[in-house]
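The values are calculated or read from the model by the stated rules, or taken from the named source; none is laboratory data. It should be emphasised that the depicted structure is a prediction, and the values quoted were computed from it without experimental measurement. Cβ placement follows ideal geometry from the backbone for every residue including glycine, while neighbour counts extend to all protein chains displayed.
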Amino acid sequence: MAFGFLIEKFDLFVSYIGKTIGDEEHFKASLSAEIVGLGLFLAGIIIIITATIRFFMFKKAIESNESMPYDVKKTKIFLSLLMVALPLFLFFYMASQVFG
């Protein structure tokens, strides 16, 4: 969520600078930056919701007296892939902005 918020705020800052110096054409807001910022913000919300649900599931398992096996679920794999995919996507996005 922080990366999404940062990208959105930086895009607004660049747009404000363009209006201030009178060169709005070179400093206009980028649609791709807005999409990436909102996507990262949404991914952060999904991760927080999923982590909260998992916390309460594990809390219940810890407090119970019965033995529960630990298994790998699709949500754990999804969260792990998401945590790897987001930084990779952000890296390639920033690289395309710098070198593209």
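Of the residues in the stretch 57-74, how many are surrounded by 10 or more Cβ atoms within 10 Å (Cβ to Cβ) and either at pLDDT 85 or above or polar (S, T, N, Q) (or both)?
Number satisfying all stated conditions: 3.
Taking the condition modelled with pLDDT under 75, basic (Lys, Arg) and on the phi < 0 side of the Ramachandran plot, does LYS19 pass?
Working: modelled with pLDDT under 75: yes; basic (Lys, Arg): yes; on the phi < 0 side of the Ramachandran plot: yes.
Answer is yes for this residue.
What single numbered condition from (1) surrounded by 11 or more Cβ atoms within 10 Å (Cβ to Cβ); (2) modelled with pLDDT under 80 fails to hold for GLY44?
GLY44 satisfies all of (1) surrounded by 11 or more Cβ atoms within 10 Å (Cβ to Cβ); (2) modelled with pLDDT under 80 except (2).
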